[in-house]
Amino acid sequence: MPTPFTVDLEAGFRGLVETTGLSPAASRLIWLPLPMLLVLVAAVVGVLVTVWLERKISAAAQQRIGPEYAGALGILQPLADGLKLLVKEDVIPARADGLLFTLGPVLVVVPVILSWLIVPFGQHLLISNVGIGIFLWIALSSIQPIGLLMSGYASNNKYSLLGGLRAAAQSISYEIPLALAVLAVVMMSNSLSTVDIVDQQSGAGLLSWNIWRQPVGFLVFWICALAECERLPFDLPEAEEELVAGYQTEYAGMKFALFYLGSYINLVLSALLVTVLYLGGWGFPLPVEWLASLLGQSIDAPLVQVLTASLGIVMTVLKAYLLVFTAILLRWTVPRVRIDQLLDFGWKFLLPIALVNLLATAALKLAFPAVFGG
Amino acid sequence: MPSLADLTELIVFVLLAAGVVVGSLGVVLLPNIVYSAFLLGGVFLSVAGLYLLLNASFIAAAQVLIYVGAVNVLILFAIMLVNKREPLADAPGLGLRRLLSSGVCAGLLWLLLRVAYTTPWATPGPTPLGEDAVVRLGEHFFTDYLLPFELASVLLLMAMIGAIVLARRDVFASDIGTGEEADQGLIEKARTPLLIEKSRP
């Protein structure tokens, strides 16, 4: 019996390269940067799309037209924005701390981009299926507040400092309920790896997604993710009416663009992770195995595998962008909270709820191991 | 000739080790406390990198999460809330103090080097567990290391209660810092804002 065909780009590519007579080590060396570049490009394109969506949806929410001259429906507007930021003068204030001022935005962006390492678009379609998976993302996202504090401090501006402090306080407070919500999912799937978490939700299509088993966890995670991304209603680190633009006040040109890019990459990443953790990842609402047998095809046939892999990518992106759409709508629906309300909400409401959710998941797992993962 | 993987490992190790050594020297020697705190974060990250080199990815991520994400951020937070940029006056007899402390440090270094060179290290050490390490760690925490694990959490709880008592001065009749009558509404009432220069009228 032939081994079932699976979409494994690495094996395919390396096989192709090795036919030219190169050693396996050399083919591995050629392969390594490719998925990273691909994901980097995907992240940047994802940001461009999100910026365009944000402008168009915001305009629709306010009964405006929004960008419409740059390309059809203004689709090239984000590119124009990016180009403008690229050629703008890069100002470092005279009494700012030049070194920390430059390092701050870098420290904000790099962990976010690194976290794309663990986002799966299919069974083998991710950069690295590391065993600690989702824990790596939690650890990396905890580096971000250092960059925010750094840029707030280095700007030598009281609004910047206040913004940086607020961002750090918000980030540490909401990380704990976020981690507890993730822990409940990890407990159900017995693994930290993102691929295993999706596999555990793939039994019965729509019905086996984690959102039905973890409704509270889903809400807690989504609220905390919005707070970590500093999206409204939690955008007080850069609240315009109070702090000018928070820690970004003194930034211009490419350094500002890094903050901008970082916050949108983070939004898309959070949406993707909600998809992976709660909405079945690359899974189609109906099980693809069932669909294939309905059409009289073997699930292991090469053509079917290529089709299901493409369907997986489309489903992941579709679910993530639905969540991004929700985030943009929320921005124009809910007012900004005050800093004391924000901290009260995080520590006195979300944290106990997330803890109870974790305990309830553990109890349900012991009581119904078939449904909640044995 | 060493293989490509070994060579990469060696280069990464040298870079990380240099990061740890230079970074920790900077933490101790730099006069600006904010730079010291940021460099401390760099040292923690380099140590996490060393754990990664040893195939202990879970420990590395935990190191980043706890030391960089929590400890270092809180240190920075405290420094920036105080935010005093006044230069500190030199303590009397600074030269002698420096001489003494560098003597103590050199002695400690000598001791460590001696231990490192006289201990018969078993090389290569035990094989790394890789991904199974998480499971083994959990087993140890809930079996033979249960008591230290629980004691550590009690210690943290005590520290937390202590911090709350210190921060909420209204639980005392008099202020423990100044000895004045405690103002019961201290938390709600705003104190002098820290960011306004007091010399200004």
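The values are calculated or read from the model by the stated rules, or taken from the named source; none is laboratory data. Small disclaimer: the values here were computed from a predicted structure and weren't measured. Methodologically, a virtual Cβ is constructed for each residue, glycine included, from the backbone with ideal geometry; neighbour enumeration extends over all protein chains shown.
Note on the stretch A:322-342: among residues that are touching a residue at least 12 places away in the same chain (Cβ under 8 Å) and charged (D, E, K, R), the one that is nearest to A:I57 (Cα to Cα) is A:R331.
Out of (1) farther than 23 Å from A:A43 by Cα; (2) not in a helix (DSSP H, G or I), the odd one out for A:H124 is which? That leaves (1) as the condition not met. Restricted to the stretch A:135-240, the set of helices (runs of 4 or more DSSP H) holding at least 3 residues that are within 17 Å of A:L343 (Cβ to Cβ) and in contact with a Pro (Cβ under 9 Å, 6 or more places away or on another chain) comprises A:158-189, A:215-228. For the stretch B:64-73, how many residues meet the condition of being touching a helix residue (DSSP H, G or I) at 6+ places or on another chain (Cβ under 6 Å) and at the interface with chain A (Cβ under 8 Å from one of its Cβ atoms)? Residues that pass the stated criteria total 5. Remark: B:L76 falls outside the filter, which requires a residue to be within 10 Å of another protein chain (Cβ to nearest Cβ), surrounded by 13 or more Cβ atoms within 10 Å (Cβ to Cβ), in contact with a Ser or Thr (Cβ under 6 Å, 6 or more places away or on another chain) and not polar (S, T, N, Q).
Tell me which residues, restricted to the stretch A:290-309, are under 14 Å from A:Q123 (Cβ atoms) and exposed (fewer than 13 other Cβ atoms within 10 Å of the Cβ). The one that is under 14 Å from A:Q123 (Cβ atoms) and exposed (fewer than 13 other Cβ atoms within 10 Å of the Cβ): A:V306. As a summary of the residue check, A:G104 satisfies the conditions (1) of a type in the set (G, A, S); (2) surrounded by fewer than 17 Cβ atoms within 10 Å (Cβ to Cβ); (3) over 24 Å from A:V324 (Cβ atoms) except for the one numbered (2). More than 8 Å from every other protein chain (Cβ to nearest Cβ), without any contact (Cβ under 8 Å) to a residue 60 or more places away in the chain and of a type in the set (G, A, S): is that true of B:G42 in this structure? Yes; evaluated as a whole, the condition is true for this residue. Where helices (runs of 4 or more DSSP H) fall wholly inside the stretch A:269-374, the ranges with 2 or more residues that are charged (D, E, K, R) and either in contact with a helix residue (DSSP H, G or I) (Cβ under 6 Å, 6 or more places away or on another chain) or under 30 Å from A:A43 (Cα atoms) (or both) are A:302-331. If you take the residues in the stretch A:156-177 that are crowded, with 23+ Cβ neighbours inside 10 Å and more than 9 Å from chain B (Cβ to nearest Cβ), which one is modelled with the highest pLDDT? Checking each candidate, the answer is A:P177.
Under the condition of being assigned to a helix (DSSP H, G or I) and closer than 20 Å to A:S263 by Cα, the residues counted in the stretch A:60-106 number 17.
Determine whether the stretch B:47-54 contains at least one residue that is surrounded by 10 or more Cβ atoms within 10 Å (Cβ to Cβ), among the small types (G, A, S), within 20 Å of A:L107 (Cβ to Cβ) and modelled with pLDDT of 85 or more. Yes, the conditions are met somewhere in the stretch B:47-54. Test B:A18 against the stated conditions and say whether it is more than 14 Å from chain A (Cβ to nearest Cβ), at pLDDT 85 or above and part of a helix (DSSP H, G or I). Yes. Exactly one residue out of A:L34, A:L53, A:L22, A:L86 is over 28 Å from A:I118 (Cα atoms) and surrounded by 13 or more Cβ atoms within 10 Å (Cβ to Cβ): that is A:L22.
One residue stands out in the stretch A:178-206 among those that are more than 18 Å from the chain's Cα centre (by Cα) and among the aliphatic types (A, V, I, L, M): the one that is nearest to the other protein chains (Cβ to nearest Cβ), namely A:M187. Of the residues making up the stretch A:127-153, those that are touching a residue at least 12 places away in the same chain (Cβ under 8 Å) and either more than 9 Å from chain B (Cβ to nearest Cβ) or in contact with a strand residue (DSSP E or B) (Cβ under 8 Å, 6 or more places away or on another chain) (or both) number 8.
When you look at A:I113, is it more than 10 Å from chain B (Cβ to nearest Cβ), within 17 Å of the chain's Cα centre (by Cα), aliphatic (A, V, I, L, M) and more than 23 Å from B:G130 (Cβ to Cβ), yes or no? Yes; evaluated as a whole, the condition is true for this residue.
Annotation: A:G312 fulfils all but one of (1) in contact (Cβ under 8 Å) with a residue 24 or more places away in the chain; (2) within 27 Å of A:N357 (Cβ to Cβ); the unmet one is (2). May I ask you to verify whether A:F372 is closer than 30 Å to A:L126 by Cα and either surrounded by 17 or more Cβ atoms within 10 Å (Cβ to Cβ) or under 16 Å from the mean Cα position of the chain (by Cα) (or both)? For A:F372, the condition - closer than 30 Å to A:L126 by Cα and either surrounded by 17 or more Cβ atoms within 10 Å (Cβ to Cβ) or under 16 Å from the mean Cα position of the chain (by Cα) (or both) - is met. With respect to the conditions (1) polar (S, T, N, Q); (2) at pLDDT below 90; (3) under 14 Å from the mean Cα position of the chain (by Cα), B:S57 lacks only one, and its number is (3). Among the residues that make up the stretch B:125-141, is at least one of them more than 14 Å from chain A (Cβ to nearest Cβ) and under 24 Å from the mean Cα position of the chain (by Cα)? Scanning the stretch B:125-141 turns up at least one residue that is more than 14 Å from chain A (Cβ to nearest Cβ) and under 24 Å from the mean Cα position of the chain (by Cα). The number of residues in the stretch B:21-39 being free of Cβ contacts under 8 Å to residues at least 24 places away in the same chain and within 13 Å of chain A (Cβ to nearest Cβ) comes to 6. If you go through the stretch B:3-15 and keep only what is more than 13 Å from every other protein chain (Cβ to nearest Cβ) and either among the hydrophobic types (A, V, I, L, M, F, W, C) or without any contact (Cβ under 8 Å) to a residue 40 or more places away in the chain (or both), you end up with B:L10, B:I11, B:V12, B:F13, B:V14, B:L15.
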